[in-house]
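J.: Sharing a structure, written as structure tokens. Questions coming.
The values are calculated or read from the model by the stated rules, or taken from the named source; none is laboratory data. Just so you know, these numbers come straight off a predicted model, no measurement behind them. Ideal geometry is used to build each Cβ from the backbone, glycine not excepted, and the neighbour counts take in all protein chains shown.
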Amino acid sequence: MAANHVAARFAFNDGVDVATAVASRSLITALVVAVIVVLTGAPRVVAPRQRRMLLGIGLLLAVQSLCLYSSVARLPVALALLAFNSYPLWAALADRVVYGRSPPRLVLVVMPVILVGLALALDVAGAASGLGAGGQWARIGTGVAFALGAATTFGLAMVVTQHEVAALDGRLRTAITMGIVGVMALAAVAAQGGPKLPASAAGWWGLALLTLLYGSGFTVMFTVLPRLGVAGSSPVMNVEPIFALVFAWVLLDQRIAPMQLVGAAIVVGGVTVLGLRRR
């Protein structure tokens, strides 16, 4: 998943727009997984309530995908993912509001620590950049808003997945939800007058790799997630910003200040603590 977002940045830098990228990787992922469902004989019985929930999950993931790629196009990849990885906090809130489940005490204790780490990582005061708070927010504000929008919708999607459709085969869930995301993104592409394709070979490689890497990562994630639970998946998923930081440094020459690295470590550590807590 980390490599997918770095590949996406290559595509965006070469002229690809967010809707085209989301439509490409979602529709191809849905098609490939649908073929796997047929060839493996995966169970395909879906109850009426599950159909409605899958539609809702697909719509949430469409919003999440557009928001997250919009953030990746505007921020250093690792920082976009760090802001997005606040999703366990939003998931805990969604679990409380939608299903009436109060968050564990540890979540309430760790939540402010994660938010402090995120503030350091994003350099919200503008100390590391030298721009001051106003200048820094003028530079990162839109990207951060997109990342937090992605985190909110993803957290809700994870909660609904765990409560409503965990019994469905992971391959079937992936095929259906990715199909919905792809159709929504395709509608956005049509609304803007058609796809915006890469201008060079580097962009085409980025578009191809983001499709391959996202499809693989998403399928594994949605197959494993219901078995781990929302919190149990956090330690696994929160290594993504670490890999993204390394890949973006090596491939995109994106660097962040030492204090931002400290903040990143606090965010990843805090969310990992939540994932490893005793149930």
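J.: Going through Ala185, Ala151 one at a time, which residue ends up being closer than 24 Å to Gly15 by Cβ and either in contact with a strand residue (DSSP E or B) (Cβ under 6 Å, 6 or more places away or on another chain) or modelled with pLDDT of 90 or more (or both)? Can you show your working first?
T.: On the way: Ala151 fails: closer than 24 Å to Gly15 by Cβ.
After applying the criteria, what remains is Ala185.
J.: Surrounded by fewer than 21 Cβ atoms within 10 Å (Cβ to Cβ) and touching a Pro at 6+ places or on another chain (Cβ under 7 Å): does that describe Val113? If you could, list the steps in order and put the result at the bottom.
T.: Numbers: surrounded by fewer than 21 Cβ atoms within 10 Å (Cβ to Cβ): yes; touching a Pro at 6+ places or on another chain (Cβ under 7 Å): no.
So Val113 fails the test.
J.: Please determine whether any residue of the range 89-98 is under 26 Å from Ala187 (Cα atoms), under 19 Å from the mean Cα position of the chain (by Cα) and aromatic (Phe, Trp, Tyr). Break it down stepwise before answering.
T.: If we filter the range 89-98 for residues that are under 26 Å from Ala187 (Cα atoms), which is where we start, we get none.
No, the range 89-98 has no match at all.
J.: Touching a helix residue (DSSP H, G or I) at 6+ places or on another chain (Cβ under 8 Å), farther than 24 Å from Leu274 by Cα and surrounded by 21 or more Cβ atoms within 10 Å (Cβ to Cβ), is that true of Ile140?
T.: Values: touching a helix residue (DSSP H, G or I) at 6+ places or on another chain (Cβ under 8 Å): yes; farther than 24 Å from Leu274 by Cα: yes; surrounded by 21 or more Cβ atoms within 10 Å (Cβ to Cβ): yes.
In short, yes.
J.: A follow-up question, please. Looking at the range 50-63, I want the residues that are touching a residue at least 12 places away in the same chain (Cβ under 8 Å) and closer than 18 Å to Ala23 by Cα and have a partner that is surrounded by fewer than 18 Cβ atoms within 10 Å (Cβ to Cβ) and of a type in the set (Gly, Ala, Ser) with Cβ atoms under 9 Å, at least 6 apart or on another chain. Which pairs are those?
T.: Partner pairs satisfying both residue conditions: Ala62/Ala188.
Each row is one residue, and each column tells you yes or no for (1) touching a Cys at 6+ places or on another chain (Cβ under 6 Å); (2) more than 17 Å from Leu59 (Cβ to Cβ); (3) of a type in the set (D, E, K, R); (4) part of a helix (DSSP H, G or I).
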residue: Ala138; (1), (2), (3), (4): no, yes, no, yes
residue: Leu148; (1), (2), (3), (4): no, yes, no, yes
residue: Arg171; (1), (2), (3), (4): no, yes, yes, yes
residue: Val183; (1), (2), (3), (4): no, no, no, yes
residue: Leu186; (1), (2), (3), (4): no, no, no, yes
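J.: Considering every residue within the range 43-57, establish whether at least one is among the small types (Gly, Ala, Ser), part of a helix (DSSP H, G or I) and at pLDDT 90 or above.
T.: Kept after step one, since they are among the small types (Gly, Ala, Ser), are these residues of the range 43-57: 47, 56.
Retained after the next criterion (residues that are part of a helix (DSSP H, G or I)): 56.
Of the ones still in play, those that are also at pLDDT 90 or above are 56.
Yes, because at least one residue in the range 43-57 is among the small types (Gly, Ala, Ser), part of a helix (DSSP H, G or I) and at pLDDT 90 or above.
J.: Please go through the range 93-136 and pick out each residue that is part of a helix (DSSP H, G or I) and of a type in the set (D, E, K, R).
T.: Just the residues of the range 93-136 that are part of a helix (DSSP H, G or I), to begin with: 93-99, 105-122, 132-136.
Within the range 93-136, Asp95, Arg96, Arg105 qualify.
J.: Go through the range 197-264 and tell me which helices (runs of 4 or more DSSP H), entirely inside it, have 2 or more residues that are at pLDDT below 70.
T.: Working: elements: 201-232, 234-237, 240-247.
The helices (runs of 4 or more DSSP H) meeting that bar are 201-232, 234-237.
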